[in-house]
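A.B. asks: The structure follows.
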Amino acid sequence: MGGMIAIVCSNARERFAFASLCQSKAWPFVETDSIRGAKRLFTRVQPNLIIVRHTLSDGYSDELIALVKGEEWRWPTHTVVILSADATSLVEARQIQLGADVVQRDPLRIDVVSAHIERFRQPRAETRRSATPGDGDRVRFAGASVDLLRRTLTRANRSIGITPRESELIRLLLESGEGVTTYEMLYSEILGRSFRGDTSNMRVLLGKLGRSLEAVGLSVRGAVEVIPKSGYRHLARARDVVPS
């Protein structure tokens, strides 16, 4: 399952072209027209791939590459930078030195760009595994021991099976650390489609996970915070909560 694509371009026509490509391939995406807009967007969305035009209305791609390659960025993200045909070799070299995965020049060939997107939009599996707390596939969540691979949830001597989507929800919540696991990410990773504003699927899934926890004497309350219009946050310090 592929991850979220972020399109950062100040030219509306070019943004539309990239968005149309993503829609034709059923790739989940978000878009913005500036560095400022991208930074706001990235507080809600953690993309696996950023397609960014080098020259933007309020700066250059350099700033975004430095952001996603920095120590504080907590999600493995690839970057594809688009340069104008007359950009100097020094500009191109700087993008590579900053950490750009691919640098493309105008005129763009859509088949080449599509191939890069297909390659880079996939999450880096080895990094994602290392981001999950716990020993191997076993993690702690809401006071329970969860085996993500075998999809079991255990507390004391009580153990039940959980669904693949419940297991994936737990994994995503833990991987986000203290950050918000956005609806965009949840819908992309769990349902394989873009988020369009209706949160009912995630509400149902969170309720199902809550019932699984109740079956072993725990509660999802106090372990997951619902952030209105944004997503969910895992409360890492939450203690065992017995349902009332």
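The values are calculated or read from the model by the stated rules, or taken from the named source; none is laboratory data. The structure presented is a predicted model; accordingly, all values stated were derived computationally and were not measured. We place every Cβ from the backbone using ideal geometry, glycine too, and count neighbours over all the protein chains shown. Areas reflect the complete protein model, heavy atoms only, side chains present, ligands, DNA and RNA absent. Shrake-Rupley method; radii C 1.70, N 1.55, O 1.52, S 1.80 Å.
A.B. asks: For the chain, what's the relative contact order in percent, using C-alpha pairs closer than 8 Å and at least 6 residues apart? Kindly include the intermediate steps, with their values, before the conclusion.
C.D. replies: Working: 408 pairs, mean separation 42.0, N = 244.
This gives 17 percent for the chain.
A.B. asks: How large is the accessible surface per residue of the stretch 1-55, computed with a 1.4 Å probe and reported in Å² as a whole number?
C.D. replies: About 43 Å² of surface per residue is accessible.
A.B. asks: Additional query: Between the alpha-carbon centers of the stretch 189-226 and the stretch 1-42, tell me the distance in whole angstrom.
C.D. replies: Computed from Cα coordinates, the inter-centre distance equals 27 Å.
A.B. asks: For the chain, what does the helix formula give at 222 nm: sum of -39500 (n - 2.57) over DSSP H segments with n ≥ 4, over the residue count, nearest 500 deg cm²/dmol? Don't jump to the answer; show the numbers that get you there.
C.D. replies: Numbers: 9 runs with 88 residues, N = 244.
My calculation for the chain gives -10500 deg cm²/dmol from helical runs alone.
A.B. asks: Can you list the residues, at least 5 places off or on another chain, whose amide H is less than 5 Å from the amide H of Gly3, using H built in the peptide plane?
C.D. replies: Excluding prolines and chain starts, which carry no amide H, the hits are Gln122.
A.B. asks: Another question, if that's okay. Report the net charge of residues surrounding Pro228, where surrounding means a beta-carbon distance below 14 angstrom and charges are Lys +1, Arg +1, Asp -1, Glu -1.
C.D. replies: +3
A.B. asks: Strictly greater than 30 Å: what percent of every Cα pair in the chain meets that?
C.D. replies: Result: 32 percent of Cα pairs exceed 30 Å.
A.B. asks: On to the next question. Over the chain, with every protein chain in place, what whole percent of the accessible area is carbon and sulfur at 1.4 Å, could you tell me?
C.D. replies: About 49 percent, which is the carbon plus sulfur part of the accessible surface.
A.B. asks: Moving on to the next point. When Rg is the radius of gyration of the Cα atoms in the stretch 21-80 and Rh is its Kirkwood radius, what does Rg/Rh come to?
C.D. replies: 0.95
A.B. asks: Roughly what % of DSSP beta bridges within the chain run antiparallel, to the nearest 5?
C.D. replies: Percentage antiparallel, nearest 5: 55.
A.B. asks: Kindly identify the stretch 162-244 as rounded, prolate or oblate by the Cα gyration tensor criterion: order the square roots of the eigenvalues as a ≥ b ≥ c, call it rounded if a/c is under 1.5, otherwise compare a/b with b/c, prolate if a/b is larger, else oblate.
C.D. replies: Because a/c hits 1.5 or more and a/b exceeds b/c, the stretch 162-244 counts as prolate.
A.B. asks: Could I ask something else about it? Once Lys and Arg get +1 and Asp and Glu get -1 on their Cβ, which of Gly231, Ile160, Thr181 lies farthest toward the positive end of the dipole of the chain?
C.D. replies: Highest projection toward the positive end goes to Ile160.
A.B. asks: First measure r as the distance between the Cβ atoms of Arg196 and Ala12, then evaluate 1/(1 + (r/R0)^6) with R0 = 22 Å and state the FRET efficiency to the nearest 0.05.
C.D. replies: 0.60
A.B. asks: Pop out the ³J(HN,Hα) list for the stretch 202-214 in order, Karplus 6.51 cos²θ - 1.76 cosθ + 1.60 with θ = phi - 60°, rounded to Hz; leave Gly and Pro as x.
C.D. replies: 6, 4, 5, 5, 5, x, 5, 5, x, 5, 5, 5, 4
A.B. asks: Below 15 angstrom from the Cβ of Tyr183, what's the summed charge of the other residues (Lys, Arg +1; Asp, Glu -1)?
C.D. replies: Taking every Cβ under 15 Å from that of Tyr183, the sum is +2.
A.B. asks: Let me ask another. Compute the acute angle (0 to 90°) between the alpha-carbon long axis of helix 110-120 and the principal axis of greatest extent of the alpha-carbon atoms of the chain; round to the nearest 10°.
C.D. replies: 30 degrees
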